[in-house]
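Structure first, commentary second.
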Amino acid sequence: MSQDWDAGRLDSDLDGVAFDTLAVRAGQHRTPEGEHGEPMFFTSSYVFRTAADAAARFAGEVPGNVYSRYTNPTVRAFEERIAALEGAEQAVATATGMAAILAVVMSLCSAGDHVLVSRSVFGSTISLFEKYFKRFGIEVDYVPLAELSGWDAAIKANTKLLFVESPSNPLAELVDIAALSKIAHAKGAMLVVDNCFCTPALQQPLKLGADVVVHSATKFIDGQGRCMGGVVAGRSEQMKEIVGFLRTAGPTLSPFNAWIFLKGLETLSLRMKAHCANAQQLAEWLEQQDGIEKVHYAGLKSHPQHELAQRQQKGFGAVVSFEVKGGKEGAWRFIDATRLISITANLGDSKTTITHPSTTSHGRLAPQEREAAGIRDSLIRIAVGLEDVADLQADLARGLAAL
Ligand SMILES: *Cc1c(COP(=O)(O)O)cnc(C)c1O
């Protein structure tokens, strides 16, 4: 740059840089103080230079902050960094992952619209559709995730959105996102992907053709189990509606949480590589053990969609599930025998967690619904963290010995 030194270069030039560089630097706009780290802006409102300045900012005629429900510089830095990582024109942060999903549907759907949801989505997502959106006249149907012909057949004239999680929880099924987005677009519908399990470090759905991505930042984006948050990313056209809803309705992200997530993103790639390496090693080891009947992990050659996972994702993720001998009693004995791993349903933490889906996250389903979803009583899910893998394996061996 030929700029003279006094004019100063406070922000980095990020033209053409790689993902890992964006994860560390995108979205940062330094103040004249020249701070190296991202500052936290703890303020609910902003002052104006003059009455005319206030009027112009309120009218949106000049850029600038008005009120932190609308914009906050720390939150904006997080939004810009996520947009860069997802390859989105724009991103907007939300108070939780559920608020991100709420915002998408409230903004893009109206009474009389039809939404297709993959059968195996997060439990609260199903409750949101079933208990609330249906009450406001949105029609909802559920489709098995992997089967493309099922999606095609289920789309109706009033289908507005297809909503999927890939890979699914806890059985690690996938859908071909590029193929599904073509099916959606051919019939005038949009594809929304909950990218919480992969994060943009492993999968970038917008680049595969999806229209909108949502995240629970509570999981791997934070990565250390500290804060709740969410984010929506997509094209400006859709984001305009979503931003408008969030500013009015108010489930926006706090600047403190945004700052934590900015720090989380700086190590996202490294963490995801380590999560995947640990998960792969444990999945391969579990598959060889006598007490284990089946292991569900897309990184295994035995996984029916292993090739799709290799094509669509840069890694296979942290979540491994497996069926043990001895049904529910066996599964509970296995879980109770562990001494290191945390018994909790959360995931996306540096600490490894273990859970029994059929009596916790999927406990509200009727037995036939669980059966249809493939959630057996013998199924255990681990969300593999960043501990030494030998210690994790030793802990799982305690579980095996208790079967
Ligand atoms: C946790 C989770 C959510 C909800 O996120 P919150 O931050 O808990 O509101 C949505 N989708 C998936 C896949 C999740 O794991």
Exercise. Just add up the charged neighbours of residue 47: K/R +1, D/E -1, any other residue whose Cβ is under 13 Å from the Cβ of residue 47.
Key: +1
Self-check item: Local electrostatic count, residue 301, Cβ distance below 12 Å [Lys/Arg +1, Asp/Glu -1]
Solution: -3
Self-check item: Loop-located trypsin sites (Lys or Arg not before Pro) in the stretch 309-403, at most 13 other Cβ atoms within 10 Å (DSSP)
Solution: 339, 364
Practice problem: Please say if the stretch 73-229 is rounded, prolate or oblate, where rounded means a/c under 1.5 for a ≥ b ≥ c the square roots of the C-alpha gyration tensor eigenvalues, and otherwise the choice is prolate for a/b larger than b/c and oblate otherwise? | Solution: prolate
Self-check item: Förster-model FRET efficiency, 25 Å R0, residue 136 and residue 67, C-beta, rounded to 0.05
Solution: 0.35
Quiz item: Regarding the stretch 31-94, what are the three Cα extents along the principal axes, ordered largest first, in Å?
Solution: 38, 27, 19
Practice problem: With a ≥ b ≥ c taken as the square roots of the eigenvalues of the C-alpha gyration tensor of the stretch 118-195, please select rounded if a/c is under 1.5 and otherwise prolate if a/b is larger than b/c or oblate if it is not? | Solution: oblate
Quiz item: How big is the Kirkwood radius of the chain, worked out from every pair of different alpha carbons and given in Å to one decimal?
Solution: 22.3
Quiz item: Using r as the Cβ-Cβ distance of residue 52 and residue 158, and R0 as 35 Å, what FRET efficiency do you calculate, to the nearest 0.05?
Solution: 0.15
Quiz item: With contacts defined as alpha carbon pairs under 8 Å and 6 or more residues apart, what's the relative contact order of the stretch 268-402 in percent?
Solution: 28
Self-check item: Centre separation in Å (Cα based) which lies between the stretch 208-233 and the stretch 281-317
Solution: 24
Practice problem: Could you work out the relative contact order of the chain, using alpha carbon pairs under 8 angstrom and six or more residues apart, expressed as a whole percent? | Solution: 16
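A short reminder: the numbers here are calculations on the coordinates, not readings from a lab. These numbers were taken from a predicted model, which means no experiment stands behind them. Because the Cβ atoms are built from the backbone with ideal geometry, glycine has one as well, and the counts that use them run over all protein chains shown.
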